[in-house]
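K.L.:
One structure is given below, represented as structure tokens, and several questions about it will come after.
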Amino acid sequence: MKKRLLAALMTATMAMSLAACGGGNTASAGGSDTASQDGPYKIRMTLKTNAAEFWNIIQAGAEAYEKEHPDEVKLSIYGPPGETYYEEQLNSIQTDLVADYDGYLIAPLQSEAVATAIASTDKPVVAYDTNIDSDKCLAFVGTGNKEAAKEGAKAAVEAAKANGWDEIKCIEIAGVQGDSTNTARMDGYREGITEAGGEFLDNETQYANATADLAVTAMEGIMSKYPDGVAIICSNNDDMALAAARTAKENPAYAKTIFLGFDGQKSACEAVAAGELTMTAAQNNFDIGYKAVETMVKILNGEQYDKVVDTGTEIITKDTAEARLAKFDEWMK
């Protein structure tokens with residue numbers, strides 16, 4: 001049975017931490033003294049949504065840690081219906097902050113609003129998937145979104161060259177405008193495409209709010225404006241990439257277009273294996289959930305912890321899709 005830290009000790013811990021989440025990779029210790037109150041830590045975990053496979057796997061990772069450490073952790077998990085339910089998520093976080101939790105794991109839909117909401121808490125906060133710029137946020141767990149997108153973009157350019165494209169232009173079907181994760185991925189796509197010799201068409205970016213339905217509309221618009229095809233269509237997530245690829249499936253001008261997704265979810269890997277999607281930059285989302293809980297427990301125990309936990313990425317192509325798919329069976333047991 002793990003002992004909970006007193007609020008005053010947690011406040012002291014936070015004061016010793018770096019000024020913001022993700023401020024560096026240096027390990028930092030939390031408070032080393034504990035109170036005499038026994039029982040598992042009660043941790044509130046807020047997802048961006050509970051209605052998407054990517055987040056279901058993050059939740060599975062968190063619950064795997066809980067199952068392995070039943071005397072240490074008791075999770076309460078919440079996610080809004082979609083990634084544009086900003087007020088609903090924020091209201092839930094504000095309510096949670098005055099409830100009886102020992103720590104908070106938050107994937108913010110709007111980082112600045114969440115930073116304001118947690119400004120007066122004396123409990124530890126760990127951000128995952130998307131960073132929170134606040135001195136109350138002690139660590140960040142997730143993918144280096146910019147670098148992962150950059151590597152995906154470079155691979156897409158090489159694939160476009162192999163498909164015979166001489167003029168390699170890329171249009172992004174993006175997520176939610178202003179979202180920091182969306183921005184990081186867009187920056188990575190732009191840098192990767194440019195460095196590999198292609199052209200990222202900023203002015204043609206289509207914002208689809210991370211949804212497949214809007215991605216279909218965006219892809220229809222792209223095909224109308226570019227009837228001769230575009231070498232690369234990159235997307236902020238796999239749902240949009242799949243929707244775009246399927247929308248263009250019957251258009252011969254887009255038969256050799258590279259469709260690049262991001263997340264590496266099961267449906268995308270199945271589509272890559274079947275030749276319906278070209279590639280995806282895969283996050284290790286199970287590890288994001290697992291390590292987010294693990295990091296919070298270290299903080300609450302007063303142990304050393306990493307302020308930035310990069311869970312890594314891999315570019316999934318037809319050659320590697322089956323190996324990735326095998327992981328899903330293990331994750332979702």
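What follows draws every value from the coordinates through simple rules; no lab data is involved. Small disclaimer: the values here were computed from a predicted structure and weren't measured. FYI the Cβ positions are ideal-geometry reconstructions off the backbone, even for glycines, and counts take in every protein chain you see.
K.L.:
By how many degrees, 0 to 90 and rounded to 10, does the Cα axis of helix 238-247 deviate from the longest principal axis of the chain?
P.N.:
Helix 238-247 sits at roughly 20 degrees to that axis.
K.L.:
Net charge within 11 Å of Thr211 by Cβ-Cβ distance, Lys/Arg positive one each and Asp/Glu negative one each, not counting Thr211 itself?
P.N.:
Working: positive: none; negative: Glu83, Asp213, Asp239.
Net local charge, Thr211 excluded: -3.
K.L.:
Then there's this: Please state the relative contact order of region 145-283 as a whole percent: Cα pairs under 8 Å, 6+ residues apart? List each step's numbers first, then the result.
P.N.:
Working: 298 pairs, mean separation 36.2, N = 139.
RCO, region 145-283: 26 percent.
K.L.:
Near Leu47, within a Cβ-to-Cβ distance under 13 Å, what is the net charge of the other residues, with Lys and Arg +1 and Asp and Glu -1?
P.N.:
Details: positive: Arg44, Lys48; negative: Glu53, Glu63, Glu83, Glu88, Asp96, Asp129.
Its environment carries a net charge of -4.
K.L.:
Moving to a separate point now. Would you work out which of Gly144, Ile233, Gly192 lies farthest towards the positive end of the dipole of the chain, given +1 charges on the beta-carbon of Lys and Arg and -1 on that of Asp and Glu, about the Cα centre?
P.N.:
Of the options given, the answer is Gly144.
K.L.:
For the chain, what does -39500 (n - 2.57) per DSSP helix run (n ≥ 4), summed and divided by total residues, give at 222 nm, in deg cm²/dmol to the nearest 500?
P.N.:
Roughly -13000 deg cm²/dmol at 222 nm, from the helical runs in the chain.
K.L.:
Follow-up. Determine the alpha carbon to alpha carbon distance for each of Lys169/Lys327; Lys42/Lys266; Lys42/Lys298; Lys150/Lys327; Lys256/Lys318; Lys74/Lys298 and list only those over 22 Å.
P.N.:
Numbers: Lys169/Lys327 33 Å; Lys42/Lys266 31 Å; Lys42/Lys298 14 Å; Lys150/Lys327 24 Å; Lys256/Lys318 15 Å; Lys74/Lys298 15 Å.
The pairs that break the limit, which is 22 Å between Cα atoms, are Lys169/Lys327; Lys42/Lys266; Lys150/Lys327.
K.L.:
Anyone know which of Arg246, Arg44, Arg190 comes out most mobile in the 10 Å Cα GNM of the chain?
P.N.:
Maximum fluctuation in the GNM of the chain, among the listed residues, is at Arg246.
K.L.:
For helix 180-195, report the angle its Cα long axis makes with the longest principal axis of the Cα atoms of the chain; keep it between 0 and 90° and round to the nearest 10°.
P.N.:
So the inclination is approximately 40 degrees.
K.L.:
Select one label from [x] 19.5; [y] 18.7; [z] 16.0: the one whose number is mean projected area of the Cα convex hull in nm² as derived from the coordinates shown.
P.N.:
Computed from the coordinates, mean projected area of the Cα convex hull in nm² corresponds to [z].
K.L.:
Mind checking which aspartates and glutamates have their C-alpha under 16 Å from Lys136, skipping anything on the same chain fewer than 8 residues away?
P.N.:
Output for Lys136: Asp96, Asp102, Glu112, Asp122, Asp306.
K.L.:
List the aspartates and glutamates whose Cα lies under 17 Å from the Cα of Lys307, skipping any in the same chain that are fewer than 8 positions away.
P.N.:
Filter leaves Asp129, Asp133, Asp135, Asp287, Glu294.
K.L.:
In degrees between 0 and 90, to the nearest 10, how far off the longest principal axis of the chain does helix 145-162 point, with axes built from Cα atoms?
P.N.:
Compared with the principal axis, the helix lies near 20 degrees.
K.L.:
Here's another thing I want to ask about it. Under 11 Å from the Cβ of Thr84, count the other residues' Cβ atoms, weight Lys and Arg +1, Asp and Glu -1, and hand me the total. Let's see the in-between values first.
P.N.:
Working: positive: Lys48; negative: Glu83, Glu87, Glu88, Asp179.
Neighbour charge sum, excluding Thr84 itself: -3.
K.L.:
A further question follows. Can you list the residues, at least 5 places off or on another chain, whose amide H is less than 5 Å from the amide H of Asp263, using H built in the peptide plane?
P.N.:
Ala281, Ala282, Gln283
K.L.:
Can I ask one more? Report the charge-dipole magnitude of region 145-283 in Debye, nearest 20, computed about the Cα centre from +1 at each Lys and Arg Cβ and -1 at each Asp and Glu Cβ. Let's see the in-between values first.
P.N.:
On the way: 12 positive and 22 negative charges, 32 e Å.
In debye, rounded to 20, region 145-283 gives about 160.
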